[in-house]
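Working notes, beginning with the structure itself.
The values are calculated or read from the model by the stated rules, or taken from the named source; none is laboratory data. As the structure is a computational prediction, the values presented were derived from the model and not from experiment. Cβ placement follows ideal geometry from the backbone for every residue including glycine, while neighbour counts extend to all protein chains displayed.
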Amino acid sequence: MSSFALLIALSLCQIAWIVLGVLWVARRRDEIPLLISAVLFYVFTFRFWALLQGWASPVNLTNFGFDQLDSRSALEVQAIGTLGQTVLLSIYMLAQKRRIDVPRLLASPQLLDWLKPRVVALGVICIFISLWTRRSVAMQTASGKSMGFEVSSYLSLFSLSLVGVAILIGALWKSRAFRSGGETFGAALLFAAIIFVTFQPGMRFQFLGWCVAVTIILASGQSFVRRAQVLVIGLVGAVALFAVAGALRNAEDSTQELEQSAWERFAFAEDANMLDGFALLRQVYPQILDYSYGGEHLEIFERPIPRAWWPDKPVGGYMNKLGIITADSPFMLGISPSLFGSFYQEGGLIGVVILSIIYGFGFGRLVSFSTRIVPLGGLLLRGMLAAAIVPLLRGGDLPGIYAWFGMSFWPCFLLLWLRRHDFFARIPYRQQFAVGVPVRMERGRTGERSLV
């Protein structure tokens, strides 16, 4: 098979997964396969065609000793990515066979009344602390400290907590917990403040993630046509803001140049350079560095330890491991290789297949579990998964990405744990929730009553 024929076959395969994702939404009301397929199509197939047509320029790191990206290495990367996508989604669909029915009554009024003031208070507190930590980080970097080695990540990443707060507010909005006009207006202001704080170039993938999550939460439970309308409006708006955030890195541009740059970044996949990053990574593993053989995932447990406590803590990312980036470097460099690039780093093609199976099964079982518990709890779990998928598919330095998740979702985890007997109460098979239908309560282990 010629290279062009292989490219067409791989492109058609990824398009087929998008079509299957749409059918999965219609049948299972589950957007996760469609979300994964759309993102991977954009970063692999669309990026490849943009490079072939000359719409975008490949990442050039020849000054650091890397070879220039060519069509052969790009095609090999796309083939590996498509293989990983096929394995992951196939296992996901085998593990998640349940239809996601979101009722009008998501939780008991008592649980919503308990949750609402705490989410609002947590949101206000996190916004003020985020603004303070941002100022502190700016002062430290201005004094000459290294962002990656000398500034505490707990400070620089604290604003990620607003991702979890946004998901909680979206779930409360979906639950109709904000009853009066004043409460609705206050929730809208809180959303606006979260957008203001999280809308920045360095957090654009996390910003896109929580926008996608909230959009999916608000679209859940709607008819197929209505769901499609909400998804299209929400996702187009989120992607547009994502492109603007990327263009803002050139702060000296005028407004007209900024608009042009944002459009070009989206239309020509300038920010979706994971294909390039994967090809660069394959020049390092295993020729220069040995495969990690699971070490990348084991480092997830090391990453929360502050470097001040462990000065010799191993660095993440092959740029750091090769010594290209050090504490004295005046720049931060790293081209994300996609999730399957991170899998390849762990063990080559075998690592891609094995880890795609594990992740696909884990995602599927999590979504399946979310359909068996109180609807509000299930909605929060699916929202966190949707928010995590975008930065996760970006790949690169998996311990750092999981550290982002910890900083992003701790507000959700905290509230879920505090009322775990309410959120995780099992519901009988095919139990229907609807306004006017009696809701049966069961007592948990502590004697508290739970919605089931």
Inset, instruction - Would you tally the residues in the stretch 33-44 being within 12 Å of Trp17 (Cβ to Cβ), crowded, with 24+ Cβ neighbours inside 10 Å and in contact with a helix residue (DSSP H, G or I) (Cβ under 6 Å, 6 or more places away or on another chain)? - result: 3
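Regarding the stretch 155-171, can at least one residue be identified that is without any contact (Cβ under 8 Å) to a residue 24 or more places away in the chain and either aliphatic (A, V, I, L, M) or out of contact with any Ser or Thr (no Cβ under 6 Å at 6 or more places or on another chain) (or both)?
Pass one, the stretch 155-171, residues without any contact (Cβ under 8 Å) to a residue 24 or more places away in the chain: 155-156.
Narrowing the set further to residues that are either aliphatic (A, V, I, L, M) or out of contact with any Ser or Thr (no Cβ under 6 Å at 6 or more places or on another chain) (or both) leaves 155-156.
Yes, some residue in the stretch 155-171 is without any contact (Cβ under 8 Å) to a residue 24 or more places away in the chain and either aliphatic (A, V, I, L, M) or out of contact with any Ser or Thr (no Cβ under 6 Å at 6 or more places or on another chain) (or both).
Picking from Val352, Val367, Val390, which residue would you name as being under 13 Å from the mean Cα position of the chain (by Cα), hydrophobic (A, V, I, L, M, F, W, C) and part of a helix (DSSP H, G or I)? Give the derivation first.
Details: Val352 fails: under 13 Å from the mean Cα position of the chain (by Cα); Val367 fails: under 13 Å from the mean Cα position of the chain (by Cα).
When all the criteria are applied, what remains is Val390.
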Legend entry - Selected residue (criterion: nearest to Ser161 (Cα to Cα)) from residues of the stretch 408-436 that are surrounded by 12 or more Cβ atoms within 10 Å (Cβ to Cβ) and modelled with pLDDT under 90: Ala425
Legend entry - Number of positions in the stretch 1-14 that are in a helix (DSSP H, G or I), of a type outside the set (S, T, N, Q) and farther than 13 Å from Thr86 by Cβ: 5
Legend entry - All helices (runs of 4 or more DSSP H) inside the stretch 235-334 with 1 or more residues being among the polar types (S, T, N, Q) and at pLDDT below 65: 255-267
Legend entry - Qualifying positions in the stretch 26-54 - over 20 Å from the mean Cα position of the chain (by Cα) and either without any contact (Cβ under 8 Å) to a residue 12 or more places away in the chain or on the phi > 0 side of the Ramachandran plot (or both): Gln53, Gly54
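Being aliphatic (A, V, I, L, M) and surrounded by 15 or more Cβ atoms within 10 Å (Cβ to Cβ) is the filter here; which residues of the stretch 196-226 pass it?
Val197, Met203, Leu208, Val212, Ala213, Val214, Ile216, Ile217, Leu218, Ala219
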Legend entry - Pick from the stretch 57-74, criterion of a type outside the set (Asp, Glu), touching a residue at least 24 places away in the same chain (Cβ under 8 Å) and under 17 Å from Ser336 (Cα atoms), ranking: surrounded by the fewest Cβ atoms within 10 Å (Cβ to Cβ): Phe64
